[in-house]
Amino acid sequence: MRLLPVDPQTLLVVLAALPLVGLLLWVFARHCGIAIGLLLAVPVWSVAVDGQTASLDLGVRLYPADVLTACALCVAAARLPRRDLRARSGLLPVLVLVALAGWSTLRGVAAFGIEAAGNDARVYFWHFLAFALYVATLPLNAPLSRVVPRAWLASAAAYVLLSLAGWLGRGLHSLTTHVAVDGVTVDPRPVPAGAALVIAQGAMLLLCLPARGRSGPASSEPGTRKAARRGVLAVPAAFLLLVLVALLQHRTVWVGAVAMALGWWVLRPARAGQRMTSAIAGAVVLSFAALLYSIGAFGSIGASLADSFNETQGTRSSFVWRVLGWQELLNAARTPMQWLLGSPFGSGYARSIEGGLVTVSPHDYYLHLVLRLGLVGLVALLALYVVVWRRLGRGGEGNLALRLVIIGQLVLFVAYSAPPEQAVLLGWCLWQARASEADAARRPSPAGAGTPAPPPGHVPAPATGVPGPAAVPGGDAVGAAPAPAGARWPGGHGRQGV
């Protein structure tokens with residue numbers, strides 16, 4: 001196995017790639033919006049072409065996502081020393097996970113080689129952690145507060161188009177139907193579960209638009225009227241996305257969508273009687289849908305959905321298959337150190353399920369963490385989500401959408417390992433928690449409480465009323481005018497600087 005390229009063609013490719021890597025590093029450091037678009041575009045492209053295309057072979061195949069991961073990790077590492085201790089405290093669980101992943105990777109390379117360890121670690125650990133750390137350390141400014149939601153909705157729209165194209169080419173079939181393409185049996189679902197969750201989370205982002213639009217002051221300005229129209233269209237658009245999620249037949253995403261919808265109903269601010277009214281309306285809609293299904297109004301589509309749901313009730317369902325695999329992996333002999341810090345990457349996931357040998361990953365990210373990063377890694381991940389949930393809760397109504405997408409992630413991790421695009425949302429939640437704390441630090445104190453001392457490096461606002469640059473917790477420069485009311489998004493704060 002070659003650790004370094006030796007043939008002239010490979011050396012030429014490496015030399016040609018170096019300027020591109022330098023350009024990417026500059027983009028990740030200076031143009032964060034473009035970088036986020038690249039991070040979300042790679043998973044979409046992988047689904048569109050049914051897998052990644054290798055870009056370079058250096059003893060281990062390097063893919064475009066690997067290059068983006070390296071750039072994101074380098075830029076995030078360069079930003080970390082500029083954060084104060086308070087700002088870094090929210091990133092501590094992520095840094096613990098990075099340290100554990102690095103230690104497990106080094107042990108795996110030493111024991112099983114760079115190819116086996118790298119293939120095991122890259123997607124669900126290094127891609128995920130690097131994407132989350134990069135987005136979490138972004139500078140605090142208002143334009144970036146709109147980049148991720150819009151890029152996320154663009155990704156959801158791309159997956160919608162891919163789903164429609166898949167159904168046009170293969171038709172809509174139940175999960176139990178065997179569909180052959182060029183003599184090879186393929187999944188009848190046009191996009192994977194991670195893509196279906198992106199669509200469901202896009203629906204949650206849209207659902208949170210109207211509530212914020214209604215909370216703003218009444219105005220006849222064009223920007224305000226445009227925002228109000230977006231709010232009116234957001235609810236039917238979200239409903240259509242959720243219908244599409246149902247047709248995609250990823251049952252775990254069904255559960256995640258229901259959990260996010262219940263979270264929206266429970267967590268959103270509501271006046272007296274509104275919550276009960278929405279519950280009654282939902283019950284009426286579900287009852288009407290059940291009536292239409294019972295009389296066969298949905299035809300073959302309803303039959304396909306029924307077959308997919310009934311499959312979960314069988315003794316040979318995919319969920320039962322997963323549970324049997326989890327039991328085998330947990331029952332395997334391990335030392336106390338392996339339980340604590342995990343086994344090295346590349347050590348495999350071999351287990352016997354119903355007499356057959358299975359070697360794929362465990363289809364459960366919590367168990368995946370225990371196997372590779374140990375119980376310490378699992379505790380670090382859960383602590384990360386607890387920190388994010390609590391800090392977003394202090395940010396007010398604007399962070400409702402982000403708390404909902406967290407619920408969807410936690411549900412997906414029960415049956416799948418973490419898709420890298422979900423790390424963008426997780427990092428965005430960490431970023432928004434920082435922004436909320438910085439916004440609270442700059443907010444005027446209540447009457448009679450006294451004026452708090454400005455933070456070190458604070459520059460008073462000019463007389464024009466436009467905030468000047470100010471140092472905020474975490475060392476991020478915050479300046480320029482606040483975002484206009486019509487441009488806010490779920491999780492955004494109008495007081496954030498540019």
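The values are calculated or read from the model by the stated rules, or taken from the named source; none is laboratory data. Note that the coordinates shown come from a computational prediction; the quantities given were computed from them, not determined experimentally. Here the Cβ positions follow ideal geometry from the backbone for every residue, glycine too, while neighbour counts run over all protein chains shown. Surface areas here come from the heavy atoms of the whole protein model, side chains and all, with no ligands, DNA or RNA. Shrake-Rupley method; radii C 1.70, N 1.55, O 1.52, S 1.80 Å.
For TYR385, what is the net charge nearby, where nearby means another residue's Cβ is under 13 Å from its Cβ and Lys, Arg count +1, Asp, Glu -1?
+3
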Excluding PRO344 itself, what net charge comes from residues whose Cβ is under 12 Å from its Cβ, given Lys and Arg +1 and Asp and Glu -1?
+1
Suppose the chain between ALA333 and ARG30 were pulled fully straight at 0.36 nm per residue; how much longer would it get relative to their current alpha carbon spacing?
104.2 nm
For LEU330, solvent-accessible area (1.4 Å; no DNA, RNA or ligand), Å²:
80
What length, rounded to one decimal in nm, is gained on full extension from THR177 through to PHE319, with 0.36 nm per residue of separation minus their alpha-carbon distance?
49.4 nm
